[in-house]
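Take a look at the structure below.
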Amino acid sequence: MYSWLQDLRYASRMLRKNVMLTLVILASLAIGIGANSAIFSVVDALLLRPLPYPQADRLAAVWLHSPGIGIFRDWPSPGQYIDIQNENHSFELMALAQSRPFTLAGREQSERIDGLRAQSSLLKMLGAKPQLGRLLLPQEDQPGKPAVAILSNQLWERSFNSDQEIVGKSITLDGNPFTVAGVLQRGFMLNAEVIPSEGPMDKMDVFLPLPLGADAVQKRGDENYNIVVRLKPGVSVQQAQADINVIASRIREKDKRDLSFGMHVVGLQEQVVGDVRRALLVLLGSVALVLLIACANVANLLLTRAAGREKEVAIRTAVGAGWQRLARQLLTESILLGVLGGAAGLFVAQVSLYVVRAMNPGNIPRLEDIAINGTVLAFTFGISLATGILFGVAPVWRAIKVDLNTSLKAGGRSGQSDGGLHLRRHRLRGLLVISELALSLMLLIGAGLLIRSFARLQSVPPGFTTDHVLTMEVAAAGRKYQNDKNDKPIINFYREIESRVAHLPGVVAEGVVSALPLTGEVGWGRISVEGYTPPPGQELQVDIRVAGTDYFRTMEIPLRKGRFFTEDDNADKPQVVIIDEKFAQRFWPDSDPSGKHLWFDPKKPMTIVGVVGVVKQYGLETDGKIAAYFPQQQQPDPRMFLAVRTSSEAAGLSSAVVSQIHAVDPDVVVYGIRTMQERLHDSLARQRFSSTMLGVFAVFALLLAAVGLYGVMSHLVTQSTHDIGVLVALGARPGNIIRLVVRQGMQLAGAGIAVGLLGAAALSRVMTSLLFGVSKTDAFTFGTVPALLAAVAFAATVIPAWRATRVDPIVVLREE
């Protein structure tokens, strides 16, 4: 132990002896290790750490396959839930749930909260415990029981001031009274990723019973519910999938569904992670490459220092030090550097996570759970040790190969002439530089593919104009709007707010729609088309949106044929519908569909009155279904998005618009106030985050590789001063010396580029799912990036080459 402490003290002195070199090394390691720790903390939270629920590995969800759109994340119905419940052999517990927003009234100001209607087994399955009162009871799964509500701890503290007497009191949700039966314990949280909804939601604040009566099995078309299950012990997701396939085939035959109808069992962890897994693994691999480049660079720096310590090593060897003792001393120095770099890396990791949260990547669920915890600390310590050993091997190998006879000669010139200027005596350093260049090229090409993909995505026309458009969601909830026999209160409410908002100064146009583009709001259903009979076993599904008369003008969605909705398209007139251009081209490619009929309800034909442009509803990279728009006065919806086009800065009108809405009804909740530019920006958050992060890693890798190449060539010039002096004395011109040095450097660069291209080809295959409109072998990227790296390598080589021309042969030969 004493000798280890002695080594540590000596290592500390050596690091202090060359402060600048030590700081450069620590900076490189801090960035490399810190970036790895930051990305690993995200991977740990999402991929390695189980969800915060009991037996989380056995929790799963059941989804439908949606015919016509090619995805399986379609919501099941109560009737399908009953079938699965009665016929499955794989599930220990099941629960039907439906998430939706509610309006909490009775306070000073109404509040929009996210809630969940669920069967009592759900909270039990997720391990929820009451802090006050109780959970939902099994008997409340049946109709006819009193309306009760369970509050989340966050809602209880935020909106009810932690009222200890809250249990038994009444609250008002959407105009209906509910008795508070309990408050959940602090720490229990149910995110929208666990119970996804048909619209944008966050954390569940209130839990209500979801009673199923005897007629539930008949509700087969109401497909907007979630099914959460717990697998029986020993049953895998694959086994459960085989079980559910049999049930799905029976449902398909019984309900005469599309042949592509199916059901899928998805592990809850996989559902929460979604499509972020591959992007995270690509980023984790990228930062690992950056760390390897940093290690290679540090190894090169230490080899440079080792060249100046040859005589010290030779003397210690001559007086009896074994190679094991020398290796331990040098490894102690490198491990100390690694640990210090790791400590600095933790600070870099914290800053990086702050930046990640500030960037709001959009595709990272459970962002609040990502932190530097014990696992991340252990990971950081582990890679710090491994890094220290990795970059310390090269100096150790150099030390044990020291030639005592040469190093102990009088004068001890470190760079003996070997007949010319070349890299033979620096083969290890050359291999390190080639590795750095190859790895940096891989990252640069990966970043280039993502950046080009992002640029292509940004150039996709969304089908509407985003400039100067203010949007918000309005919830006309309450008993006065909930009347199945009379929709006039809802119609009159939205007509009044549209009229008031239209007269505000600076407002150009305004309109309402049930599903605003780029919000995640969905709505689709089966529809029949005049003159079209689906092939046997198939069904036609379309996107369904309810729109106001001026919505298309507000969003500047172009009219292709026919007309927009008018005030005459009301409940007293025949049903009408507007379809999008994709719909029209599918069924009437060579004619005007105006006057043709659709049937959403078999008893109510709808006449097509217009064709509008196709809108990118779910994202610029996504092609949705064909779409149909219903007039708001004929198909009123209490929850609508209001879009307002302005002549000036859109956000500046938000207060005035909200005031006009509250002037009509002060209890109405207005939320999600954003401009369409902000919504468009947020919809690209995932691609922006991935391309930005990989681009940053690639630039850092390029700088490290350039520094590494510069260091090797500079050291080569220093070690070959005698040879250069002889060449100059024999008549070599500066141009000859420059070409000689540059040729050596570009040989390294060429080898690194060749190896890097092979690695980049493999990396691009992994990244295919992250690309949009760009081939994995994009010629522009694979041609431009190597040229860029070659140019940087040339610049890193020219400076040492220019220094070589400054060698004075008289001074060199006199020293000899």
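Computed quantities for the displayed model
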quantity: The listed residue being surrounded by 22 or more Cβ atoms within 10 Å (Cβ to Cβ) and of a type in the set (Ser, Thr, Tyr), out of Thr646, Thr607; calculated: Thr646
quantity: Residue check for Lys219: open to solvent by 70 Å² or more (accessible area, probe 1.4 Å) and under 16 Å from Pro78 (Cα atoms); calculated: yes
quantity: Residues being surrounded by fewer than 16 Cβ atoms within 10 Å (Cβ to Cβ) and outside any helix (DSSP H, G or I) - total across region 333-362; calculated: 1
quantity: Selection from region 111-139 of residues that are over 33 Å from the mean Cα position of the chain (by Cα) and under 20 Å from Asn161 (Cβ atoms); calculated: Pro130, Gln131, Leu132, Gly133
quantity: Out of Leu64, Leu96, sole residue that is farther than 30 Å from Tyr671 by Cα, within 35 Å of the chain's Cα centre (by Cα) and not in a loop (DSSP other than H, G, I, E, B); calculated: Leu64
quantity: Residue among Ile247, Ile251 that is surrounded by 16 or more Cβ atoms within 10 Å (Cβ to Cβ), at pLDDT below 90 and in a helix (DSSP H, G or I); calculated: Ile251
quantity: Subset of region 529-578 (residues that are open to solvent by less than 40 Å² (accessible area, probe 1.4 Å) and among the aromatic types (Phe, Trp, Tyr)); calculated: Tyr551, Phe552, Phe564, Phe565
quantity: In region 179-203, residue most open to solvent (accessible area, probe 1.4 Å) [restricted to those that are of a type in the set (A, V, I, L, M, F, W, C) and modelled with pLDDT under 80]; calculated: Met201
quantity: Residue among Val741, Val726 that alone is part of a helix (DSSP H, G or I), more than 30 Å from Leu620 (Cα to Cα) and open to solvent by 30 Å² or more (accessible area, probe 1.4 Å); calculated: Val726
quantity: Criterion violated by Ile544 - all others in (1) over 25 Å from Tyr225 (Cα atoms); (2) of a type in the set (Val, Ile, Thr); (3) within 39 Å of the chain's Cα centre (by Cα) satisfied; calculated: (1)
quantity: Total residues in region 171-214, condition touching a strand residue (DSSP E or B) at 6+ places or on another chain (Cβ under 7 Å), under 27 Å from Glu108 (Cβ atoms) and in a strand (DSSP E or B); calculated: 15
quantity: Criterion: modelled with pLDDT under 95 and part of a helix (DSSP H, G or I) - qualifying residue of Tyr53, Tyr81; calculated: Tyr81
quantity: So Ser594, is it among the polar types (S, T, N, Q), surrounded by fewer than 20 Cβ atoms within 10 Å (Cβ to Cβ), under 25 Å from Lys573 (Cα atoms) and at pLDDT 90 or above; calculated: yes
quantity: Of the criteria (1) closer than 30 Å to Glu539 by Cβ; (2) of a type in the set (S, T, N, Q); (3) open to solvent by 20 Å² or more (accessible area, probe 1.4 Å), which one Ser99 fails; calculated: (3)
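The values are calculated or read from the model by the stated rules, or taken from the named source; none is laboratory data. The model shown is predicted, which means the values in this text are computed figures rather than measured ones. Virtual Cβ from ideal backbone geometry, glycine too; neighbours counted across all protein chains shown. Just so you know, the surface numbers come from the protein's heavy atoms only, side chains and all, with ligands and any DNA or RNA stripped out. Shrake-Rupley method; radii C 1.70, N 1.55, O 1.52, S 1.80 Å.
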